[in-house]
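Trainee: A single structure is presented below for examination.
The values are calculated or read from the model by the stated rules, or taken from the named source; none is laboratory data. Just so it is clear, the model here is predicted, and its values are computed rather than measured. Glycine also receives a Cβ, built like all others from the backbone with ideal geometry; neighbour counts cover every protein chain displayed.
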Amino acid sequence: MIDQRKNIIKLFDQLIEKGEEIRKELKRQYFSGNRKSIKTEMYESWKTSCLTLLKSTFSSSSPHYDKFANLKIFDYYNATQIYLGILKAAREDIEKGYFYHKDLMLSVNIFDSLLSRSYDYIQDGEIQKALGVLEAVILEVMSKILEYKKVRIEKDWKIEQLSKKLLDKEVIDSMTYERLIEMAGKLQNNIDEETISSDIKWVQSFIYNFLGSKILIIN
């Protein structure tokens, strides 16, 4: 099973490490009297990545995201020190086990567990059972994503319809859409163990990228 908390903490660690590098460079320039010369591509890219991670982890209504997004300090050295403090506080909250969106957290863990069961079915030679579980997981995951995005769907929609809605709402790109459509076709036919194992691995990645990374997934 994917350790979602470990993945998220790793992302925060990477941004904190990058921020520390930027802070050291800013400190050097700050104390040389050049306080506003660091509006570089690297600095802005780092800030954007921080905002993206805070939003996807805690949501845009969280105090972590709000403080970071609305900071009104205009010299880069002092701003970066505060940004780093916010990131470190967010990381600590995750490490201590604080979380949001408990229903989605539970869903992701269940989906991952079901996909592990699919692997067991493959090893036992029960390909149809593995395909059935895989299809059910894909349908539920896509429905959850659209529900989280507050997009209205019909209960009888299949993979093709849900995928098209995700594409129309720009939740997924065309490559992901094509992969889902391709997989929908495979599920209607008998496929070999290697192919379905590869598809299960891809769905696990899809869950993390399009559902797990949008919320805080820890327990």
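Trainee: Suppose we filter segment 144-173 for residues that are surrounded by fewer than 16 Cβ atoms within 10 Å (Cβ to Cβ), within 18 Å of the chain's Cα centre (by Cα) and part of a helix (DSSP H, G or I); how many remain?
Mentor: So the count comes out to 1.
Trainee: Right, another one. Inside segment 132-152, can you point out the residues that are free of Cβ contacts under 8 Å to residues at least 40 places away in the same chain, closer than 24 Å to Asp120 by Cβ and not charged (D, E, K, R)? Steps first, please.
Mentor: Step one: filter segment 132-152 for residues free of Cβ contacts under 8 Å to residues at least 40 places away in the same chain, giving 132-133, 136, 139-140, 142-143, 146-147, 149-152.
Next, only the ones that are closer than 24 Å to Asp120 by Cβ stay: 132-133, 136, 139-140, 142.
Answer for segment 132-152, where residues must be free of Cβ contacts under 8 Å to residues at least 40 places away in the same chain, closer than 24 Å to Asp120 by Cβ and not charged (D, E, K, R): Gly132, Val133, Ala136, Leu139, Met142.
Trainee: Let me ask something additional. So Ile191 ticks every box in (1) part of a helix (DSSP H, G or I); (2) hydrophobic (A, V, I, L, M, F, W, C); (3) within 15 Å of Leu134 (Cβ to Cβ) but one. Which box is left unticked?
Mentor: Failing condition for Ile191: (1).
Trainee: Something else now. Take Lys155 and tell me if it is touching a residue at least 12 places away in the same chain (Cβ under 8 Å) and either among the basic types (Lys, Arg) or not assigned by TED's automatic domain parsing to the domain that holds Phe206 (or both).
Mentor: Values: touching a residue at least 12 places away in the same chain (Cβ under 8 Å): no; either among the basic types (Lys, Arg) or not assigned by TED's automatic domain parsing to the domain that holds Phe206 (or both): yes.
Criteria not met by Lys155.
Trainee: Pairs, please: C-beta under 6 Å, at least 6 apart or cross-chain, first residue among the β-branched types (Val, Ile, Thr) and in segment 164-179, second part of a helix (DSSP H, G or I)?
Mentor: Going by the 6 Å Cβ cut-off, the qualifying pairs are Ile172/Leu166.
Trainee: Let me ask something else. What are the residue pairs meeting all of these: first residue in segment 7-26, first residue in contact (Cβ under 8 Å) with a residue 24 or more places away in the chain, second residue of a type in the set (A, V, I, L, M) and not in a helix (DSSP H, G or I), Cβ atoms under 6 Å, and 6 or more apart or on different chains?
Mentor: Cβ pairs passing all conditions: Leu26/Ile38.
Trainee: Shifting gears a bit: Which residues, taken from segment 174-203, are at pLDDT 85 or above, of a type in the set (D, E, K, R), surrounded by fewer than 18 Cβ atoms within 10 Å (Cβ to Cβ) and within 20 Å of Asp120 (Cα to Cα)?
Mentor: Lys201
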